[in-house]
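Here is the structure we will look at.
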Amino acid sequence: MEKFSFTTRLLHWTITAFLLIQIPLAWYMIDLPLGPDKFAKYALHKSFGTVLFTLAVARLIWAIISNRPQLPPDTKRYEKILAKATQGLLYLLIIIMPISGWVMSSAANVPVTVFGVLALPNLVEPNEQLMEIMKNVHEMQSIALLSLVILHFVAGLKHHFLDRDNVLHSMLPMVKKR
């Protein structure tokens, strides 16, 4: 299997790095007592979410306009379907999660400011019921996203250690084919 393009790998690993920060940050900030530290962590979470949204949209556009390597010819049909479904759901969640968070913040009448520089407009009027709904939606999305990230990671390991193909190598930076 050929390597993914430099742009694809850069976007993939940058998104991965932000997710590896975002997920633990979310779990940590939820349990903080109300105060300046909690507000600062939420502001950082919103900023990272906005960056993730932008990167995911760029990654999706790049995936549409660029050529991507094909899976090895001996890949089973169900594995190809599962790979496409997982990738599609990952894109979907990484794009809609920041939107659901933004709606939640807007409904709570809490501004979203990107790194203290760019204030985003509220998407909806303040509405406590909508805020609670979006809070639950955002939480369920995070569970789904984490599950898919784990599945994606395990699939990469399966390709490397069991199938012994070059699928994992095709996405790793600076690693040569077997």
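Since every read-out is calculated from the coordinates, none of them should be taken as a lab result. As the structure is a prediction and not an experimental result, all values here were calculated from the model. Glycine gets a Cβ as well: all are built from the backbone with ideal geometry, and neighbour counts include every protein chain shown.
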Exercise. Multiply the residue gap between L10 and V124 by 0.36 nm, knock off their C-alpha separation, and tell me the result in nm, one decimal place.
Key: 37.6 nm
Quiz prompt | Amide H contacts of L71 (H built 1.01 Å from N, under 5 Å, at least 5 apart or other chain) | solution = none
Quiz item: Roughly what would the spin-label model give for T54 and Y78, points 7 Å off Cα along C-beta, in nm?
Solution: 4.2
Quiz prompt | Residue order, fewest to most beta carbons within 10 Å, for I95, I21 | solution = I21, I95
Quiz item: Applying 1/(1 + (r/R0)^6) with R0 = 30 Å to the Cβ-Cβ distance of K158 and I65, what FRET efficiency is obtained, to the nearest 0.05?
Solution: 0.55
Exercise. Among A17, L55, M1, flag the residue with its Cα farthest along the positive direction of the charge dipole of region 1-81, charges on Cβ as +1 for Lys/Arg and -1 for Asp/Glu.
Key: M1
Exercise. Report the full-extension gain for the segment V117 to M140: residue separation times 0.36 nm, less the Cα-Cα distance, to one decimal in nm.
Key: 5.3 nm
Practice problem: Give the long-range amide H neighbours of V112: residues separated by 5 or more places, or on another chain, with amide H under 5 Å away, using H modelled in the peptide plane at 1.01 Å from N. | Solution: L120
Practice problem: Find, among the chymotrypsin sites (Phe, Trp or Tyr not before Pro) in region 69-178, those assigned to loop by DSSP (not H, G, I, E, B) with at most 14 other beta-carbon atoms within 10 angstrom. | Solution: F115
Quiz item: How would you rank V112, V57, going from fewest to most other Cβ atoms within 10 Å of each one's own Cβ?
Solution: V57, V112
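Let me make sure I get this right: for region 116-178, a, b and c are the square roots of the gyration tensor eigenvalues over alpha carbons, sorted descending. Under 1.5 in a/c it's rounded, otherwise prolate if a/b > b/c, else oblate. Which is it?
Note, shape of region 116-178 comes out oblate.
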